[in-house]
Amino acid sequence: MNNIPAPEVLFELADVFKVFGDSTRLRILYTLFDDEQSVGEIAESLGMEQSTISHQLKVLRTNKLVRLRREGKQIYYSLDDDHVKKIIEMGLDHVLE
């Protein structure tokens, strides 16, 4: 018998997958695979505007995919946990099969 999660849990899961449906957000997540970075560092490495990166980081934070750490006035972003990396890696494995 299938243990289907409650509808509200499935709605939340669907929202998380929607976040992964944007290539800019995926690029940002890949940038954070190995270490934390500031908005400026992410923007520079991706050749994008800081305002675009900030907007996408807000979406990623809201969906608990990235977290921030403040150091004085500087803010550093990192993946929220290893699950985020695993989801992306599993999706890429599926695409490359």
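Annotations for the structure displayed:
- Stretchable slack from Leu68 to Gln50, in nm (0.36 nm times residue separation minus alpha-carbon distance): 4.9 nm
- For Ser38, the residues 5 or more places off, or on other chains, whose built amide H falls under 5 Å of its own are Tyr77.
- Number of Lys-Lys pairs in the chain with C-alpha atoms under 20 Å apart and a separation of 8 or more places or on different chains: 8.
- Placing unit charges on the Cβ atoms only, positive for Lys and Arg and negative for Asp and Glu, gives the chain a dipole magnitude near 380 debye about its Cα centre.
- Residue-wise HN-Hα couplings along the range 52-57, as the Karplus relation 6.51 cos²θ - 1.76 cosθ + 1.60 with θ = phi - 60° gives them from phi, are 5, 5, 4, 4, 5, 5 Hz; Gly and Pro carry x.
- In Hz, Karplus ³J(HN,Hα) per residue of the range 69-80 (6.51, -1.76, 1.60; θ = phi - 60°; x = Gly, Pro): 9, 8, 9, x, 8, 7, 10, 10, 10, 8, 4, 5
- Kirkwood Rh and Cα Rg combined as Rg/Rh, the range 7-96: 0.98
- Taking a sphere under 13 Å around the Cβ of Met90 and counting the other residues whose Cβ falls inside, with K and R at +1 and D and E at -1, yields a net charge of -2.
- Signed unit charges on C-beta, dipole axis of the range 9-66, positive-most listed residue Leu46, Thr31, Leu57: Leu57
- Helical runs assigned H by DSSP (4 residues or longer) give the chain a calculated mean residue ellipticity at 222 nm of -18500 deg cm²/dmol, each run adding -39500 (n - 2.57) before division by the residue total.
Bear in mind that the values in this text are calculations on the coordinates, not laboratory data. On a predicted model such as this, the values are computed, not experimentally measured, just so you know. All Cβ positions, glycine included, derive from the backbone under ideal geometry; neighbour counts span all protein chains shown.
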